[in-house]
Structures are given as structure tokens and as C-alpha cells.
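Down below is the structure, laid out as C-alpha cells.
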């Protein structure tokens, strides 16, 4: 009987170490996420889960260990890149969805989504057309010209999901993406997030305290004291 080898990872980390003064945030963490896979990272406050996400995304550089990203041109050592190169990677290859959404209230929904494209040099008209397509795909057709304050919490979070992916990000990071939402809206947002990422072959890494949110992901990794203490496949 033959077994199918695991798919090459889209993003991986090896032996990550990170401290803040005397506090050890990561103590030799290995991590991987395959293309089209969703992984939830769980743990108590101070367990290292947000630090792991920040290291994976190139926001924080670990003191030891490495982070790799698969690209069309070959693997990239994220930890070896300079700050400007890591910033470019975060703009182009990674997408981010935060609990606070970090949307600009003075801009319309379509302008918020188009902003990353315009910052990359794409003309406004083309950027807004692309942004409108993403909003429509996430059930927000007709809401393009509304400002963030005119949207419900769930609608605003879907704007954030569209913004995270409008550049074609291969990996989307979501940090407590439903933390400010009620249970019904949380389920709707997770439906939209998973369908628009793994449903399109993209990878999703979610940091969450919510067991229901974690159960929606294909795999759950649990951290304690900067180490992975449990890993389980959910589907």
C-alpha cells in the first residue's frame, strides 16, 4: 500500500526562538502550512501565539531559527530579508485580517480595499474595479460607496478580508478575526474567510481563543510557554 506524501509547505518555520527581556515567547517552534490549508494557533495569553504569527509574517525577526516562503521563483528565507524587503513581502505575498480591522473610516469600502493596490502603483480605476470584484465575491455588492461607520461589524470585517486578499496574497494571517463579533456573525465571517482563502487555494493562519473558530480550520496547533504542546487534524 502506497501513501501520498504531504504537500510541500507554502510557509514554514524551523526552531524559532524569540524573547522579550527575560520572557521567552518562542522556544524552538517548528511550523508549516500547506497551500490551501487552514491552521489555527491557540494558547493562553502569553503562550507565544501572536509572536509566532508576527515571526511568520516577517513583522518580527526571531533571534534564532528561520522562516521560509514558497514563491514562483523558489523558496525565500524571510528571516534573511532586510526590513524594506520584508515590508514588500507583507504588501504583496501576505494578507492580514485583525480583530480591530484597521480600516480607514474616512474612506469608502471600495477605497479601503483598493488602497493596497494603489500603494503598489496600480491606477485608481483598475484598483477599484478589482476591489469591487472582491467585495461582490464576499457578498457586499452595492456597499462599495459606504464608509466603514455605515457598515455592520460583520460587513466591515468582510471588507477587511477583501483588503487582505486583493493583492493576490498567497498566505493570509488572521489575528482574532471574530473576537469583536457575536456568535452568529462570527460564523458568517469565518465562512467568508475560509471560502475566500482555502477555497481559492490560498493558505490561512488564524490566531484565536475561540474553540469554535479553531474547529473550522483543518488543523489546530496549541502553544504553551513558547512551545507547541499539541497538534491535531480536525478534518
Q: Rounded to the nearest 0.05, what FRET efficiency do residue 100 and residue 232 give with R0 = 22 Å and r taken as the Cβ-Cβ distance? Could you check?
A: 0.15
Q: Kindly provide the helix-only [θ] at 222 nm of the chain, computed as the sum of -39,500 (n - 2.57) over DSSP H runs of four or more divided by all residues, to the nearest 500 deg cm²/dmol?
A: -9500 deg cm²/dmol
Q: Scan (1) 23.6, 102; (2) 17.6, 60; (3) 18.4, 58 for the value of Rg and Dmax of the Cα atoms in Å calculated from this model and give just the label.
A: (2)
Q. Going by alpha carbons, how many degrees (0 to 90, nearest 10) lie between the helix axis of 124-137 and the longest principal axis of the chain?
A. 70 degrees
Q) Using Cα atoms only, what is the angle between the long axis of helix 83-92 and the major principal axis of the chain, expressed in degrees (0 to 90) to the nearest 10? A) 60 degrees
Q) Once both labels are modelled 7 Å past Cα along the beta-carbon direction, what's the residue 88-residue 185 spacing in nm? A) 3.9 nm
Q) Rounded to the nearest 0.05, what FRET efficiency is calculated for residue 63 and residue 224 with R0 set to 25 Å and r the Cβ-Cβ distance? A) 0.80
(Q) Within a 10 angstrom radius of the beta carbon, how do 202, 88 rank from fewest other beta carbons to most? (A) 88, 202
Q. Taking the simple approach of a point 7 Å from Cα along Cα-to-Cβ for both residue 215 and residue 45, what is their distance in nm?
A. 2.5 nm
Q | Normalised contact order of segment 100-235, rounded percent, pairs of Cα under 8 Å and 6 or more residues apart | A | 20 percent
Q. When the Cα centres of segment 149-182 and segment 81-99 are compared, how far apart do they sit, in Å?
A. 16 Å
Q) Roughly how many whole Å is it from the C-alpha centroid of segment 1-80 to that of segment 106-141? A) 30 Å
Q) What percent does the relative contact order of the chain come to when contacts are Cα pairs within less than 8 Å and at least six residues apart? A) 29 percent
Q) Helix 109-119 versus the longest principal axis of the chain: what angle, 0 to 90°, nearest 10, using Cα atoms? A) 60 degrees
Q. By how many nm would the segment from residue 20 to residue 146 grow when fully extended, if each residue of separation counts as 0.36 nm and the alpha-carbon distance is taken off?
A. 41.2 nm
Q: Over segment 25-116, calculate the relative contact order: mean separation of alpha carbon pairs under 8 Å at least 6 apart, over the residue count, as a percent.
A: 17 percent
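All of the numbers you see were taken from the coordinates with simple rules; none came from a lab. Predicted, not measured: the structure shown is a model, and the values here were computed from it. As a convention, Cβ positions derive from the backbone with ideal geometry for all residues, glycine included, and neighbour counts pool all protein chains shown.
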